[in-house]
1. Is the shape of the range 78-136 rounded, prolate or oblate, going by the alpha carbon gyration tensor and its root eigenvalues a ≥ b ≥ c, with a/c under 1.5 for rounded and a/b larger than b/c for prolate?
2. What ranking do Glu131, Glu67 get, fewest neighbouring Cβ atoms within 10 angstrom at the top?
Amino acid sequence: MTEDGTRAPREPGSQWYDREAGPLVRPYAVTGGRTRSGPTGVRFDLIALVTLDPGAAGLDDGALGPEHRALADLCRAETQSVAELAAGADLPVGVVRVLLGDLLESGRVTVSRPVPPAQLPHERILREVIEGLRAL
């Protein structure tokens with residue numbers, strides 16, 4: 001709004017963001033146009049746990065972008081899932097997966113993947129264990 005209470009004319013394309021929001025960086029710019037997590041071909045599940053490697057090289061060596069550092073800082077305090085990292089960094093999950101691939105490839109983080117359902121014990125076996133414990 002202008003001082004006299006009328007609406008200020010909009011610049012072309014300004015309806016998508018306002019001045020208070022700051023500069024807008026598109027996700028493809030953050031990832032360098034990549035949609036996959038690098039040559040390792042790792043697929044990050046939403047519940048995969050990411051931990052900062054304490055023996056990793058410094059995070060301020062200039063090779064990392066601000067988004068990489070933000071993800072590493074989130075992992076510094078405690079292990080986080082991919083979904084938690086995306087929420088904490090306010091980035092789309094696809095972008096977080098690509099950035100985590102970079103961090104994993106450089107040895108700065110470790111990832112523990114969830115156990116596939118096919119490898120979990122069958123419900124029958126778990127019930128037999130419970131019955132055996134109750135019998136003790």
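All of the numbers you see were taken from the coordinates with simple rules; none came from a lab. Predicted model, so just to flag it, every value in this text is computed and none were measured. Glycine gets a Cβ as well: all are built from the backbone with ideal geometry, and neighbour counts include every protein chain shown.
1. Working: a/c = 3.36, a/b = 2.98, b/c = 1.13.
Taking the square roots of the gyration eigenvalues as a ≥ b ≥ c, the range 78-136 is prolate.
2. Numbers: Glu131 9, Glu67 19.
Starting with the residue having the fewest Cβ neighbours, the order is Glu131, Glu67.
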